[in-house]
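The values are calculated or read from the model by the stated rules, or taken from the named source; none is laboratory data. Nothing here was measured: the structure is a model prediction, and the numbers come from that model. Glycine gets a Cβ as well: all are built from the backbone with ideal geometry, and neighbour counts include every protein chain shown. In case anyone asks, the SASA skips ligands and DNA or RNA and just uses the protein heavy atoms, side chains included. Shrake-Rupley method; radii C 1.70, N 1.55, O 1.52, S 1.80 Å.
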Amino acid sequence: MVRSKYRMAFNGMTIAAFETRMATEFARLIERHGGRPLITAALREISLEDNSATQEFGVRLMNGRVDLLILMTGVGATTLFDLLKTSYSWPVLLTALQRCTIVARGPKPVAALKAAGLQAMLTVPEPNTWHDIMRTLDEHHPVKGLRVAVQEYGVSNPDLVNALEQRGAEVFPVPIYKWALPEDLGPMRHVLDEIMAGLVQVILITNASQVDHVMQVLERDGKVQPFQAALKKMVVASIGPTASERMCHHHWPIDFEPSHSKMGILIKEVSEQVSKVFHQKR
């Protein structure tokens, strides 16, 4: 009965996504719920050649000049610790980190901290947006007069930095990696062409930067208007508020957000609601 329900959910629809790290798992979940996955990467993760910000963070940390550390991603937290280990012994680093108030933006940084023998003093609840970070800090640990380091991921978040500074914090961003377009744009252009040809019924967005990169390619190719027109005829789903914010910025419709910002829940709930959403749009 369960398998039959899954087969009927997407009912053979083509589901486009721009997932990078979890592409294989994403495709399997779509297939499990009866869809035909059309997945390509819109992002390429590249390490920063210039690690001066990380080195400066290490100096500040060792000198006791970091009061609060905000870890935005699990991968970023692990990479930050690994980079610091090239300059300092882990026992010394551990002691210095334990002197800080560590804030984790959700479960992945929490897991990275646990693996390193550390724990967060504050964990930001779902959906883990910068608004949720600020609410958590305002309620439990006001930042006025504090020296705050922010481990950044992919792109900087000026809204978060501004909010911290407006509350009287001295903010030090620590970029670990950044997102770039794929070196070969052919697969991405193929998926976009399929969408504009009306051959895709659902698009799933799992990262805010995916939206920016899609728009970059469309603007290069002069295809923004046909893409925007195609979105009006399909189901457009966002994994959560952070992605939705970028979608709104670029005037994308948002037909669906899941109850929790998790990949599996996104696919399951979209598959269950897709027919209803199509009916409403038409």
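For segment 36-109, the Cα gyration tensor yields ellipsoid semi-axes of 28, 15, 10 Å (square root of five times each eigenvalue, largest first, whole Å). Net charge in the neighbourhood of V148 (other residues with Cβ under 12 Å of its Cβ; Lys, Arg +1, Asp, Glu -1) is +2. What do you get for the angle between helix 130-140 and the principal long axis of the chain? Use alpha-carbon atoms, 0 to 90 degrees, nearest ten. Relative to the chain, helix 130-140 is tipped by roughly 40 degrees. At the residue level, V214 shows approximately 0 square angstrom of accessible surface with a 1.4 angstrom probe and all protein chains present. Restricting to DSSP loop positions (anything but H, G, I, E, B) with no more than 16 other Cβ atoms inside 10 Å of their own Cβ, which trypsin sites (Lys or Arg not before Pro) remain in segment 22-85? Those that pass, being in a loop and sparsely packed, are R65. Of interest is the spacing of the C-alpha centroids, which for segment 215-272 and segment 90-153 amounts to 29 Å. Per-residue Karplus couplings for segment 241-255, computed as 6.51 cos²θ - 1.76 cosθ + 1.60 with θ equal to phi - 60°, are listed in order as x, 5, 5, 4, 4, 6, 4, 4, 4, 9, 6, 8, x, 10, 8 Hz, Gly and Pro entered as x.
Taking the Cα centre of segment 61-185 as reference, the dipole from Cβ charges on Lys and Arg (+1) and Asp and Glu (-1) amounts to some 440 debye. With K and R counted +1 and D and E -1, the other residues having a Cβ less than 13 Å from that of D221 yield a net charge of +1. The amide H of A42, built 1.01 Å from its N in the peptide plane, has no neighbour under 5 Å, considering only residues 5 or more places off or on other chains.
With loop defined by DSSP as not H, G, I, E or B, and exposure as at most 15 other Cβ atoms within 10 Å, which is the longest segment of the chain clear of exposed GluC sites (Glu not before Pro)?
On the way: sites that count: E49, E183.
Result for the longest clean stretch: 50-182.
Charged neighbours of R105, selected by a Cβ distance under 13 Å, balance to -1 (K, R count +1; D, E count -1).
Axis angle, to the nearest 10 degrees, between helix 208-221 and the longest C-alpha principal axis of the chain: 60 degrees. Each principal axis of the Cα cloud of the chain was taken in turn, and the coordinate range along them, longest first, works out to 59, 44, 34 Å.
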